1. List the residue pairs whose Cβ atoms are under 8 Å apart, where the first residue sits in the range 66-81 and is of a type in the set (Lys, Arg), the second is not in a helix (DSSP H, G or I), and the two are 6 or more positions apart or on different chains.
2. Might you check whether a residue that is β-branched (Val, Ile, Thr), modelled with pLDDT under 95, assigned to a helix (DSSP H, G or I) and surrounded by 10 or more Cβ atoms within 10 Å (Cβ to Cβ) occurs anywhere in the range 25-36?
3. Can you tell me which residue in the range 114-131 is farthest from Ala56 (Cα to Cα), limited to those that are charged (D, E, K, R) and surrounded by fewer than 19 Cβ atoms within 10 Å (Cβ to Cβ)?
Amino acid sequence: MWDFWGTGSTQELETRQLTTLQRTRSDLARCQHQTELANQREYNHRRHQELRQKHAAQVRQQPKNLRSKELQIKKQFQDTCKIQTRQYKALRSHLLESTAKSQHKALLKRLKDEQTRKLAALAEQYDHSINEMLSTQAMRREPGGDPTGVKRRVGIPRGLTRAEKRAGNPTGTHQAPKNVQET
């Protein structure tokens, strides 16, 4: 059939229009997909940066947290030593009043040995608590490097501890006498 306007048949027009419509739809879907993909990438990048900043802040904060935890454990240790010393003084007074004067020297020696042993056990427990805290933190951090971020010696200082000096430990060791029984 011949078309008066010279544009072709109606079927051709419909076909071109449908083709154009399909092309437009696919272009729109592709454009929308690209936009969503770009937005997702931007979100992921932003989130990644936030996590990096958060981690960096935590790493900077770690030595402060470790130091405060260490000071807390040290304070508990000192308080426990004071309580232990007060209890031994009270026990010593009571036992000295209730025993004969001839047995005082042996009694004082036994009490002093027992106090030294218990304070040494407390010092060992303190050292263990600090080392356990540091090893826990070391596991959380990345491998390599100083696990605490703080370069210092932790634990019982060399020689006698103050508690052992007060208790009169003449050997300078942190070990308890082996012949004294735990009470």
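The values are calculated or read from the model by the stated rules, or taken from the named source; none is laboratory data. Computed from a predicted structure; not experimentally measured. When we count neighbours, we look across all protein chains shown, and the Cβ atoms used for this are built from the backbone with ideal geometry, even at glycine.
1. Hits for this filter: Arg67/Val150.
2. Initially, the range 25-36 is screened for residues β-branched (Val, Ile, Thr), giving 35.
Imposing the further condition that a residue be modelled with pLDDT under 95 reduces the set to none.
For the range 25-36, residues β-branched (Val, Ile, Thr), modelled with pLDDT under 95, assigned to a helix (DSSP H, G or I) and surrounded by 10 or more Cβ atoms within 10 Å (Cβ to Cβ): absent.
3. Applying the first criterion (charged (D, E, K, R)) to the range 114-131 yields 114, 117-118, 124, 127.
Then drop every residue that is not surrounded by fewer than 19 Cβ atoms within 10 Å (Cβ to Cβ), which leaves 124, 127.
Working: Glu124: 34, Asp127: 29 Å.
Among those residues, the one meeting the criterion is Glu124.
The rows are residues; the columns are (1) in a helix (DSSP H, G or I); (2) modelled with pLDDT of 90 or more; (3) exposed (fewer than 14 other Cβ atoms within 10 Å of the Cβ).
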{"residue": "Asn44", "(1), (2), (3)": "yes, yes, yes"}
{"residue": "Lys54", "(1), (2), (3)": "yes, yes, yes"}
{"residue": "Gln61", "(1), (2), (3)": "yes, no, yes"}
{"residue": "Asn65", "(1), (2), (3)": "yes, no, yes"}
{"residue": "Lys75", "(1), (2), (3)": "yes, yes, yes"}
{"residue": "Leu96", "(1), (2), (3)": "yes, no, no"}
{"residue": "Lys109", "(1), (2), (3)": "yes, yes, yes"}
{"residue": "Lys112", "(1), (2), (3)": "yes, yes, no"}
{"residue": "Met133", "(1), (2), (3)": "yes, no, no"}
